[in-house]
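FYI, it's all coordinate maths here, none of it is from the lab. Predicted model, so just to flag it, every value in this text is computed and none were measured. Please note: Cβ atoms are built from the backbone with ideal geometry, for glycine as well, and neighbour counts cover all protein chains shown.
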Amino acid sequence: QIGEQVGVNIVVDPQVSESVTLSLDAIGWHDALEIIARQTNCVMIEPSDRLIRFTQPPSLNIEFQDAELAVVLDLLAKQSGANIVIAEDVEGKVSLILRDVPWREALETIVKTAGYVVVSERSGISEILRIVSPDKLIQQQETRIYRLRYVRPPEQYIAIISDIDKQAGNVARDLSTEAVGEFTLLKALRSSLSPGGEMDFDVTTNSLIVKDIAPRLDEIEEIIKQIDVEPALVQIEVKFSSTT
């Protein structure tokens, strides 16, 4: 039902047989999906902005004491079948006990505990997970500006009956802030940023200013190309006639 309402393809793996009961009000559809995923022990995989896959990855039971981080990550890669690439400067030891934890959650937790980050990149239909240090990730970042042609923040009109001169300045400022705060595209793209990525919106030029690694910038650019398209146009001719 959610997929039909928002126009997104939501696919559930055949082995997922969970049922869910919940009541949500005034919540974004993507947030609703995340809540459903947590309640059903599923993981959301988003190959593209128009496709979301619900799957139940195998849970892991692992225990290590002062083990080399590279050894632990290698075990996770073998058990999960994931493509994990470890940077040369990633090192250290970890001690952990995990019981019935999805492999992706285990990976994120172990890497974060060791002081590193997981960067997800796509090569065709395959996902590659890079383990890098935050400093190296920041060094790989670049800034790009995407000027939107058709998509804009929602405009809000407020009727003012009195004290126009007094309220005009405040209203204009509030409208700008509220419009950007409700800009759905901005919220969606910010969720696509890699750790340490930044995104701002310039109201004057209707532009997105994004600082991130090149692969993630390419993904954001592709999403913008699919969404920022010329809307269907109509021509309306109106004639006013006054008679007595």
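Placing pseudo-labels 7 Å out from each Cα toward the beta carbon at I209 and V6 gives an inter-label distance of 2.9 nm.
Semi-axes of the equivalent ellipsoid for the chain, computed as √(5λ) from the eigenvalues of its C-alpha gyration tensor and ordered from largest down, come to 44, 23, 18 Å.
Once the other residues with Cβ under 14 Å from the Cβ of A67 are scored (Lys, Arg +1; Asp, Glu -1), what is the net sum?
Details: positive: K93; negative: E63, D66, E68, D74, E91.
Value of the local net charge: -4.
With a length cut of 18 Å (Cα positions projected on each helix's long axis) and a Kyte-Doolittle mean of at least -0.5, go through the chain and give me the DSSP H helices that pass. Show your work: numbers first, answer last.
Numbers: long enough: 164-181 (25 Å, -0.34); 214-227 (20 Å, -0.28).
Membrane-span-like by this criterion, though nothing is claimed about a membrane: 164-181, 214-227.
A straight Cα-to-Cα reach below 25 Å connects K93 with the lysines K78, K112, K136, residues fewer than 8 places away in its own chain not being considered. Taking the chain as a Gaussian network, Cα atoms linked when under 10 Å apart, which of L233, L73, L189 shows the biggest mean-square fluctuation? So, out of L233, L73, L189, the one fluctuating most is L233. The calculated FRET efficiency for the pair I27 and Q65, based on their C-beta separation and a Förster distance of 51 Å, comes to about 0.75.
The phi-based Karplus calculation (6.51 cos²θ - 1.76 cosθ + 1.60; θ = phi - 60°) puts the 3J(HN,Hα) values of segment 14-24 at x, 6, 7, 10, 7, 10, 9, 10, 7, 10, 10 Hz, whole numbers, x for Gly and Pro.
Among E91, E18, E127, whose mean-square fluctuation peaks in a Gaussian network model of the chain (Cα, cutoff 10 Å)? Maximum fluctuation in the GNM of the chain, among the listed residues, is at E18.
Would you calculate, for the chain, the mean residue ellipticity at 222 nm contributed by helices, counting each DSSP H stretch of 4 or more residues as -39,500 (n - 2.57) and dividing by all residues, to the nearest 500? Mind showing how you got there, number by number?
Details: 8 runs with 84 residues, N = 244.
One gets -10500 deg cm²/dmol as the mean residue ellipticity at 222 nm.
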